[in-house]
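Presented below is the structure to which this report refers.
Taken together, the values in this text are just the output of simple stated rules run on the coordinates, not laboratory data. Only a predicted model underlies this, so the values are computations on that prediction, with no experimental measurement involved. Here the Cβ positions follow ideal geometry from the backbone for every residue, glycine too, while neighbour counts run over all protein chains shown.
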Amino acid sequence: MTDSVYPSIEILKDRITHRWPEHATFIARSFTHRDAKTMRVGEQLAGLILKLAATEPGGIDKLSDDYRYLCEEIVLPEEVYFRRNGRYRVSNFADANAECYANAPFMSRYMNGLLLSNVIWANHAEAFASFVNDYLPRLDAGARHLEIGPGHGLFLFFAAGAANVGSVTGWDISPTSIEKTRHALNVLGAPRRPTLKLRDLFDASAEGEHEQFESIAMSEILEHLEDPAAALRAAGQHLTPEGLIFVNVPANSPAPDHIYLFEGLDHAAEVMESAGFKVIHSVDFPMSGTTIERARKHKLAVSCLLTGKRC
Ligand SMILES: C[S@@+](CC[C@H](N)C(=O)[O-])C[C@H]1O[C@@H](n2cnc3c(N)ncnc32)[C@H](O)[C@@H]1O
């Protein structure tokens, strides 16, 4: 038991370091500058992850091992490649699809690891908290919300719980991601039933092609695409004239399915503007253990968050 004000976070840290003691220093550094608003969302998220873990074979230890797999086997080799070559290793969608989205066992471990990163990695935790604390409250009452690429499903879960959201929909190209999202929202008891569809954002012939939403979230997806501006234009077709789009893109953040290199917040804003959006709010958060100035200077990973409207 813990008497911390953030008991679920403490349990999660404890379980991860139980499986991976060498990660303790990173975790300690990662929590040094978080404010109470960010910690409160992290605590809620950690509690949900523990609940979800109880339904997984292997429980939280399995999720902790998948998180370690994400750090050591998925991200680290790509980081080495990026530092040596100044670019991401994979450069086209077909290769990312074959290596990742169509590879169910890999995708499952990747999404489990990513889920835990939203509590542990400073930039992911800040981005998640900002979606909950800053973006969702901006939506008008009854907003129809679409997430493109929900992956593990927890962003969509929080949208489903927001009082001003009327309905939630998720589109994802990966069957594993759709299943994970469905499972998470069922197990966690999402207050609104989601509509989930296996579909490629670019598939103009898909059912529901003319569906409209007052809110669209694209978190950690644009860097997965060869032409993010085209993806934003495709998403924009589904946004009502007054609707809002939430974009979260990591810059200088290699992964086996990251193919478009965003170089920072200004670059992300330029891409949004070139796709016909006016950016009304933007902020960037540095990776664990560094400042935003140092991250920008040395091209370290940052999460760039932008809220936009159609021009
Ligand atoms: C890294 S995950 C992001 C998960 C979650 N949104 C987050 O921010 O943690 C990216 C997701 O985008 C999906 N995706 C990639 N390309 C897509 C496309 N063209 N259309 C729809 N989904 C796509 C992937 O299958 C994956 O589930």
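Taking every DSSP beta bridge that has both residues in the chain, what percent is antiparallel when rounded to the nearest 5?
45
Rounded to whole Å and ordered largest first, report the semi-axes of the equivalent ellipsoid of region 134-183 derived from its Cα gyration tensor (root of 5λ). Before the final figure, lay out each step's value.
Values: eigenvalues 89, 17, 14 Å².
Ellipsoid half-lengths, sorted descending, are 21, 9, 8 Å.
Which number comes out as Rg/Rh for region 122-310 once both Rg and the Kirkwood Rh are worked out on C-alpha atoms? Present the calculation step by step, with values, prior to reporting the outcome.
Numbers: Rg = 15.6 Å, Rh = 16.5 Å.
Rounded to two decimals, Rg/Rh equals 0.94.
Got a sec? Charge dipole of the chain, +1 on Cβ for Lys and Arg, -1 for Asp and Glu; which of I148, C304, H23 is way out at the positive end?
Working it through, the farthest residue towards the positive pole turns out to be H23.
Could you check which residue among D35, D14, D61 shows the biggest mean-square fluctuation in a GNM of the chain with a 10 Å Cα cutoff?
Maximum among the listed residues: D35.
Taking the alpha-carbon set of region 5-116, what are its Rg and Dmax in Å?
Final numbers for Rg and Dmax: 15.8, 46 Å.
I'd like the GluC sites (Glu not before Pro) in region 253-288 restricted to DSSP loop residues with at most 16 other Cβ atoms within 10 Å, sorted by number.
Filter output for region 253-288: E263.
Using a cut-off of 13 Å between beta-carbons, work out the net charge of the residues near L305 (Lys and Arg +1, Asp and Glu -1, L305 not included).
In short, -3.
What FRET efficiency do you get for E270 and N85 if R0 is 35 Å and r is their Cβ-Cβ distance, rounded to the nearest 0.05?
It comes to 0.90.
Among E126, E214, E73, which one moves the most in a GNM of the chain with springs linking Cα atoms closer than 10 Å?
Highest fluctuation among the options: E73.
Using a cut-off of 9 Å between beta-carbons, work out the net charge of the residues near G276 (Lys and Arg +1, Asp and Glu -1, G276 not included).
That sum, taken over residues with Cβ under 9 Å, equals +2.
Given charges of +1 on the Cβ of Lys and Arg and -1 on the Cβ of Asp and Glu, with all other atoms neutral, how large is the dipole of region 189-311 about its Cα centre, in debye to the nearest 20?
Computed about the Cα centre, the dipole is about 400 debye.
With each run of n ≥ 4 DSSP H residues scored as -39500 (n - 2.57), what mean residue ellipticity at 222 nm is computed for the chain after dividing by its residue count and rounding to the nearest 500 deg cm²/dmol?
Values: 13 runs with 135 residues, N = 311.
When only DSSP H runs of four or more count, the value is -13000 deg cm²/dmol.
Between beta-carbons, use under 10 Å as the cut-off and find the net charge around E214, counting Lys and Arg +1, Asp and Glu -1.
-1
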